[in-house]
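The values are calculated or read from the model by the stated rules, or taken from the named source; none is laboratory data. Keep in mind the model is a prediction, meaning the values are calculated, not measured. Counting neighbours? That spans all protein chains shown, and the Cβs are built from the backbone with ideal geometry, glycine included. Keep in mind that these areas ignore ligands, DNA and RNA; they rest on the heavy atoms of the full protein, side chains included. Shrake-Rupley method; radii C 1.70, N 1.55, O 1.52, S 1.80 Å.
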Amino acid sequence: LPPPHLTDSYRGVHDQLVAMAPHPMQYASLAYFTLPDQFFKEELHLRYQSRVSMLAEALKEVGFGITSPEGCYYLFADYRGVNELSELAPMEAAMYLICEVGVASVPGDNFYGKASDGQNYIRFAACRSLSDIKTAIAKLKAKLSAAC
């Protein structure tokens with residue numbers, strides 16, 4: 001972890017590194033756009049919708065507050081209802097998930113100009129393979145519990 005006074009800067013750089021499309025991915029994107037319209041209108045939509053729904057239900061079971069997205073594969077989750085995370089700051093909650101549970105997430109305050117606006121939230125992505133999503137769900141259910 002970086003020194004505390006550099007954390008915000010490191011997170012900003014990290015976000016740009018993982019959010020920007022590397023050159024080989026640009027070529028892959030061009031190939032992707034040659035796929036038939038049917039793939040995008042039917043198959044891709046259903047594939048992501050299924051993964052998002054599956055992950056959302058599992059997160060709710062262990063105490064996360066979820067607002068279903070309307071067209072993306074990210075889930076912005078309120079973690080105050082999860083026993084193991086409820087007293088942690090967003091970065092601490094994300095680190096707990098990666099270190100203790102084995103599931104990656106992004107601190108919610110990383111998405112706001114004023115960090116307090118994202119307090120108590122972390123973001124999950126359901127764009128991984130179905131196998132990865134199922135593995136993450138099993139880990140979440142094994143290691144986390146909903147607050148009563």
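Conditions first: (1) closer than 18 Å to residue 132 by Cα; (2) without any contact (Cβ under 8 Å) to a residue 12 or more places away in the chain; (3) touching a helix residue (DSSP H, G or I) at 6+ places or on another chain (Cβ under 7 Å). Residue 46 passes all but one, so which condition is the exception?
In the conditions (1) closer than 18 Å to residue 132 by Cα; (2) without any contact (Cβ under 8 Å) to a residue 12 or more places away in the chain; (3) touching a helix residue (DSSP H, G or I) at 6+ places or on another chain (Cβ under 7 Å), residue 46 misses (3) alone.
Working carefully through the options 88, 35, 59, find the one that is of a type in the set (A, V, I, L, M, F, W, C) and open to solvent by less than 30 Å² (accessible area, probe 1.4 Å).
After applying the criteria, what remains is 59.
Kindly evaluate residue 116 against the criterion of being of a type in the set (S, T, N, Q), surrounded by fewer than 14 Cβ atoms within 10 Å (Cβ to Cβ) and either over 21 Å from residue 56 (Cβ atoms) or touching a residue at least 24 places away in the same chain (Cβ under 8 Å) (or both).
The answer is yes for residue 116.
Quick one: in the range 5-32, of everything that is open to solvent by 90 Å² or more (accessible area, probe 1.4 Å) and of a type in the set (Phe, Trp, Tyr), which residue is farthest from residue 115 (Cα to Cα)?
27
Restricting to the range 62-75, name every residue that is assigned to a strand (DSSP E or B) and open to solvent by 60 Å² or more (accessible area, probe 1.4 Å).
74
Which of the residues spanning the range 102-145 are within 16 Å of residue 14 (Cα to Cα) and either basic (Lys, Arg) or assigned to a helix (DSSP H, G or I) (or both)?
108, 109, 110, 111, 123
Residues are listed down the side, and each one gets a yes or a no for (1) among the basic types (Lys, Arg); (2) farther than 16 Å from residue 52 by Cα; (3) touching a strand residue (DSSP E or B) at 6+ places or on another chain (Cβ under 6 Å); (4) modelled with pLDDT of 95 or more:
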| position | (1), (2), (3), (4) |
| --- | --- |
| 70 | no, no, no, no |
| 82 | no, yes, no, yes |
| 109 | no, yes, no, no |
| 124 | no, no, yes, yes |
| 129 | no, no, no, no |
| 136 | no, no, no, yes |
| 139 | yes, yes, no, yes |
| 142 | no, yes, no, yes |
| 145 | no, yes, no, no |
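Please find, within the range 76-92, the residue that is nearest to residue 127 (Cα to Cα) out of those that are within 14 Å of the chain's Cα centre (by Cα) and outside any loop (DSSP other than H, G, I, E, B).
So, considering only residues that are within 14 Å of the chain's Cα centre (by Cα) and outside any loop (DSSP other than H, G, I, E, B), the one nearest to residue 127 (Cα to Cα) is 76.
Can you name every residue in the range 64-86 that is closer than 14 Å to residue 103 by Cβ and out of contact with any Asp or Glu (no Cβ under 9 Å at 6 or more places or on another chain)? Steps first, answer last, please.
Here is the first cut: in the range 64-86, the ones closer than 14 Å to residue 103 by Cβ are 64, 75, 77, 79, 82, 84-85.
Once the filter is applied, which keeps residues that are closer than 14 Å to residue 103 by Cβ and out of contact with any Asp or Glu (no Cβ under 9 Å at 6 or more places or on another chain), the range 64-86 yields 75, 77, 79, 82.
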